[in-house]
């Protein structure tokens, strides 16, 4: 085939493809739009649960560090908080233990409880109070920390620990103001970290 005829045939083939593409685009524009899979419709609960677990863990670690630093300032055993919390499981024996595995288990339990509380708080605050200012959310988080202290210490530990090990060692050994501050620090950490726990769906740049 001569070169000129071959070129004409290629150009005609390109034109046929262009017309076919135009027809397909017109059909696509006329077709009813289906529901997009991203971002997820409604409140993205799974994301806020996972983000809340992360923030809750960070809050628990922040409250633990607060206690460690406070103990060092007043020349106390920096692991005292873990030993006191450990009495929940083994009673008075925890106060004199040097078993690092046991103390790490107590810290892990503390982090797990904090993570669970963080998930609850993060879902509730973002589902019901997402439009509130950061200052209001921090206030709510501080109140949440106080509520958590009251529920944990006087709604659960006050009767459950005596049932398990004979005495409410935690309530007896930890001053109420230290316990309250510990939980407030936990709550305020949740509030301060709220901005990094928000779901912002990725949107591809438009031409």
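Laboratory data are not the source of any read-out in this text; all were calculated from the coordinates shown. None of the values given here were measured: they were computed from a predicted structure. Note that each Cβ is placed from the backbone with ideal geometry, even for glycine, and that neighbours are counted across all protein chains shown.
Each of 63, 71 was scored by other Cβ atoms within 10 Å of its Cβ. Arranged with the fewest first, they read 71, 63. A quarter of the convex hull surface defined by the alpha-carbon atoms of region 73-175 gives 7.9 nm² as the mean projection.
On the basis of the beta-carbon distance and an R0 of 41 Å, residue 113 and residue 21 show a calculated FRET efficiency of 0.10.
The mean sequence separation of alpha-carbon pairs under 8 Å and at least six residues apart, normalised by the residue count of the chain, gives a relative contact order of 30 percent.
Per-residue Cβ neighbour counts within 10 Å put 106, 123, 156 in the sequence 156, 123, 106, beginning with the fewest. Measuring nothing but alpha carbons in the chain and taking Rh as the Kirkwood radius, the Rg to Rh ratio lands at 1.38.
Summarising the label geometry, the points placed 7 Å from Cα in the beta-carbon direction at residue 167 and residue 147 lie 3.3 nm from one another.
Going from the residue with the fewest nearby Cβ atoms within 10 Å to the one with the most, 150, 80 rank 150, 80.
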